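Worksheet: the structure to be examined is printed underneath.
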Amino acid sequence: MEVELFSSQFFVALFSIIVLDLVLAGDNAVVIAMASNRLPVHLRKRAIYVGTAGAIIIRLIMTYFAVQLLSVPYLQALGGLVLLPIAVKLMKPSGGEEHIEAAETFAGAVKTIIIADAAMGIDNVIAIAGASHGDFLLVVLGLIISIPIVVGGSQLIGTLMDKYPVLVVLGTAILGWTGGTMIVHDRTIGVMLLEAAPQAAYLLPAALAGAVCGIGGYLQRRK
């Protein structure tokens, strides 16, 4: 489903992608900072820029193929379901389990940033592919806008998310909504759902957005 260029739907989808990029990039920003931590100051920034450029290229390739795969029957609905536990996990307090070995060479830091970002970015790829509605231009624009913020403010992102928890809640809701939208736009399951109840086009995404925020909030309070 291509989105008309510069329409209201285009800007809503672009905003969703930027928010998802920033919220889901929290761990990736930590990876960038940790991987280059042992390098001399004059090499650290260069490693971050080169490593992030490589990570962006890998991310674009992964997202491009994800967008193509979502046109296969059932896969878009499956991708939507995969996003739901990711959305709930987003609101749970971090256990600090991620451990990235800091590299001592420029090439090692660049390699660590690219590999770790690719491994940790699968949830991001599925979410962005779904939120883009199959429009790869939206994916590229979202990355162009959000990546400089991630690179330039790896610590700032964490601080903002701590200071303004509403950002995390907003990201969680968008993930839940995106998951529901992916399900109702699936070529097979979506058609069956909409034939049974046309209102499912917006009721299911809204219900899933509320559900993931509710479950995530409950788990957050238990912690």
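The values are calculated or read from the model by the stated rules, or taken from the named source; none is laboratory data. What you see is a predicted model, and the numbers here were worked out from it, not measured in a lab. Here the Cβ is made from the backbone with ideal geometry for all residues, glycine too, and neighbour counts use every protein chain on show. In case anyone asks, the SASA skips ligands and DNA or RNA and just uses the protein heavy atoms, side chains included. Shrake-Rupley method; radii C 1.70, N 1.55, O 1.52, S 1.80 Å.
Top to bottom by accessible area (1.4 Å), largest first, where do 135, 123 land?
Final ranking, largest accessible area leading: 123, 135.
Using amide H atoms built 1.01 Å from N in the peptide plane, name the residues 5+ places from residue 188, or on other chains, whose amide H lies under 5 Å from its own.
Result for residue 188 returns 74.
I'd like the FRET efficiency for residue 61 and residue 166, computed as 1/(1 + (r/R0)^6) with the beta carbon distance as r and R0 of 22 Å, rounded to 0.05.
0.10
Compare the peptides 195-203, 81-89 by average per-residue count of other Cβ atoms within 10 angstrom and give them in order, highest first.
Ranking, from highest mean packing down: 81-89, 195-203.
For residue 118 and residue 220 in one chain, what is 0.36 nm times their gap in residues minus the Cα-Cα distance, to one decimal in nm?
Between residue 118 and residue 220, full extension yields an extra 34.0 nm.
Take the Cβ-Cβ distance between residue 43 and residue 145 as r, set R0 to 25 Å, and report the resulting FRET efficiency rounded to the nearest 0.05.
FRET efficiency, residue 43 to residue 145: 0.35.
Using the Kirkwood formula over every pair of different C-alpha atoms, what hydrodynamic radius in Å results for the stretch 169-223?
Radius from the Kirkwood sum: 11.6 Å.
Between residue 68 and residue 195, with labels modelled 7 Å along Cα→Cβ, what's the label distance in nm to one decimal, could you check?
Once both label points are built, they end up 3.0 nm from each other.
With θ set to phi - 60° and the Karplus curve 6.51 cos²θ - 1.76 cosθ + 1.60, what are the ³J(HN,Hα) couplings of the stretch 82-91 in order, to the nearest whole Hz, using x for Gly and Pro?
Result, ordered by residue: 4, 5, 5, x, 5, 5, 5, 4, 4, 8 Hz.
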